[in-house]
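**Student:** Right, I'll just put the structure down here and ask away after.
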Amino acid sequence: MTILSYSYNSVGLVEYDSDSHGRKRNRERITTWMCRYRDPKCLEYSLERLRQWQQSEAYLIVPNQQTVLTCAALRTGNQDDWNFVLDRYAREEMVIRRRLLRALGCSENATILNKFVNMIVSNVSRILPEDRLLAFASIYNSGNYGVQFVTDYVFANFDILNSTFTASQISSLFQGLASRYSTWDQFYPLFMFATDLLIALTVLWDAVTTTMSNVYWAAEFLPTIESWLETNNY
């Protein structure tokens, strides 16, 4: 965290018109990780910005920070905060809509996420059909909580997925989820699930091979990376 904290303190949270494009992009990436690590200042600032937006339609989070700050705010926000973002998603043009959709999956409230996935697979939903896979991705890309939540959901509700999505879409969903796997504890349940369901074996095989590749990579390289970071006080 030392090297990340140094960069975080350097770029700050507030975007200025005078900032270079590179500085804006660095701020976006650094803020994403600091909020994911639950830095109090980052989470507090993000929630303040979201609630300022709720109080004034004239206020809009700057484009470069719409996803990252809204995502961070929803990590600790309540149902009303989430409902506001969902409402804005339904009303905005495509570019902003996609930014907000990527934030909707960042909640770490199981009740909210259950509501979200039920919307995703519903035939009558505020989530547009073309946004369904991106909506699932917004959950598993948000961090470890989201990865586990989607894993539990797809294993328990494969029949619903099978009746909602095409085989190609299911394959894309599982491969995206598998790209977040890196341990044998994640590989074995997926492998057993795929082999237990004959229909799933071909559809999910790419996800199985992706997970296996990630696990082998982590086993070979992570110890060296972690040792280097520890040695250099990072």
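Readers should treat all values here as calculations from the given coordinates under stated rules, not as data from a laboratory. In this text the structure is predicted, and so the values were computed from the model without any measurement. Note that each Cβ is placed from the backbone with ideal geometry, even for glycine, and that neighbours are counted across all protein chains shown.
**Student:** Can you give the relative contact order of the chain as a percent, counting alpha carbon pairs under 8 Å and 6+ residues apart?
**Tutor:** Relative CO of the chain lands at 13 percent.
**Student:** Connecting C-alpha atoms closer than 10 Å in a GNM of the chain, tell me which of 65, 54, 175 has the biggest fluctuation.
**Tutor:** 54
**Student:** Oh, and also: Write down, largest first, the equivalent ellipsoid semi-axes of the stretch 66-145 in whole Å, where each equals the square root of 5 times an eigenvalue of the alpha-carbon gyration tensor.
**Tutor:** 16, 14, 12
**Student:** While we're looking at this one, here's another question. For the chain, what is one quarter of the convex hull surface built on the Cα atoms, given in nm²?
**Tutor:** That works out to 14.0 nm².
**Student:** Right, next: If each residue's Cβ is checked for other Cβ atoms within 10 Å, how do 163, 142, 122 rank with the fewest at the top?
**Tutor:** 163, 122, 142
**Student:** Right, another one. Can you tell which of 125, 67, 170 lies farthest toward the positive end of the dipole of the chain, using +1 and -1 charges on the Cβ of basic and acidic side chains (Lys, Arg; Asp, Glu)?
**Tutor:** The residue sitting most towards the positive pole is 67.
**Student:** For the chain, set up a GNM with springs between Cα atoms under 10 Å and report which of 112, 30, 160 has the largest fluctuation.
**Tutor:** Of the options given, 160 has the highest mean-square fluctuation.
**Student:** If you don't mind, there's one more thing I want to ask. Which whole number in µm²/s is D for the stretch 124-164 by Stokes-Einstein, with the Kirkwood Rh taken over Cα pairs at 10 °C and 1.306 mPa s?
**Tutor:** Translational D for this selection: 145 µm²/s.
**Student:** I would also like to ask the following. Using the Kirkwood radius over Cα pairs, work out the Stokes-Einstein diffusion coefficient for the stretch 2-119 at 37 °C and 0.692 mPa s, in µm²/s as a whole number.
**Tutor:** Taking Rh from Cα pairs, D becomes 225 µm²/s.
**Student:** Using the Kirkwood formula over every pair of different C-alpha atoms, what hydrodynamic radius in Å results for the stretch 145-234?
**Tutor:** By the Kirkwood definition, the hydrodynamic radius is 14.1 Å.
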